[in-house]
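Just so it is clear, none of the values below were taken in a lab; they were calculated from the coordinates. Not measured: the values here are computed from a predicted model. Cβ coordinates were reconstructed from backbone atoms using ideal geometry, including for glycine residues, and neighbour counts include every protein chain displayed.
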Amino acid sequence: MSTVLLTIKTDPATKKELKDFAAELGVTSTAFVNMVVKQALRERRVVLSANLEPTPYLETIMREADDDYQNDRDITHTNSPKEALAHLDSLMQKK
């Protein structure tokens, strides 16, 4: 099978990350890129998904919010979406 060279530009950190990830899968970065390209061409689509894991920063905020909720601190109770939006509007007006 004849091959041609396809050149892409990326930053060094991304190149290393790609190489390491491909190695975890047991293939070279070239083989990995070829697999992804061939799949996209075969299926005529590209599937991108977001990692839904919270960042450490978000985890900290979520723990703090949960602690506030459990201890009824800094909690505003509303009875309807309209009331909640009115409360948020009032907070914006205070700034």
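Mind telling me which of the residues Asn51, Asn71 ends up being free of Cβ contacts under 8 Å to residues at least 24 places away in the same chain and under 21 Å from the mean Cα position of the chain (by Cα)? Steps first, answer last, please.
Numbers: Asn71 fails: under 21 Å from the mean Cα position of the chain (by Cα).
Sole residue among the options that is free of Cβ contacts under 8 Å to residues at least 24 places away in the same chain and under 21 Å from the mean Cα position of the chain (by Cα): Asn51.
Among the residues of the stretch 17-50, how many are surrounded by 12 or more Cβ atoms within 10 Å (Cβ to Cβ) and of a type in the set (Lys, Arg)?
Matching residues across the stretch 17-50 total 1.
Can you spot a residue in the stretch 62-76 that is under 27 Å from Thr3 (Cβ atoms) and β-branched (Val, Ile, Thr)? Show your work before the answer.
Filtering the stretch 62-76 for residues under 27 Å from Thr3 (Cβ atoms) gives none.
No, because not a single residue in the stretch 62-76 is under 27 Å from Thr3 (Cβ atoms) and β-branched (Val, Ile, Thr).
Would you pick out the residues in the stretch 4-25 that are more than 15 Å from Val36 (Cβ to Cβ) and not in a helix (DSSP H, G or I)?
Scanning the stretch 4-25 gives Val4, Leu5, Thr7, Lys9, Asp11.
Here's the yes/no breakdown for (1) closer than 24 Å to Lys15 by Cβ; (2) of a type in the set (Lys, Arg); (3) part of a loop (DSSP other than H, G, I, E, B):
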{"position": "Ala31", "(1), (2), (3)": "yes, no, no"}
{"position": "Asn34", "(1), (2), (3)": "yes, no, no"}
{"position": "Gln39", "(1), (2), (3)": "yes, no, no"}
{"position": "Arg42", "(1), (2), (3)": "no, yes, no"}
{"position": "Leu48", "(1), (2), (3)": "yes, no, yes"}
{"position": "Leu58", "(1), (2), (3)": "no, no, no"}
{"position": "Met62", "(1), (2), (3)": "no, no, no"}
{"position": "Asp67", "(1), (2), (3)": "no, no, no"}
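Looking at (1) surrounded by 11 or more Cβ atoms within 10 Å (Cβ to Cβ); (2) not in a loop (DSSP other than H, G, I, E, B), find the lone condition where Met92 falls short.
It is condition (1) that Met92 fails.
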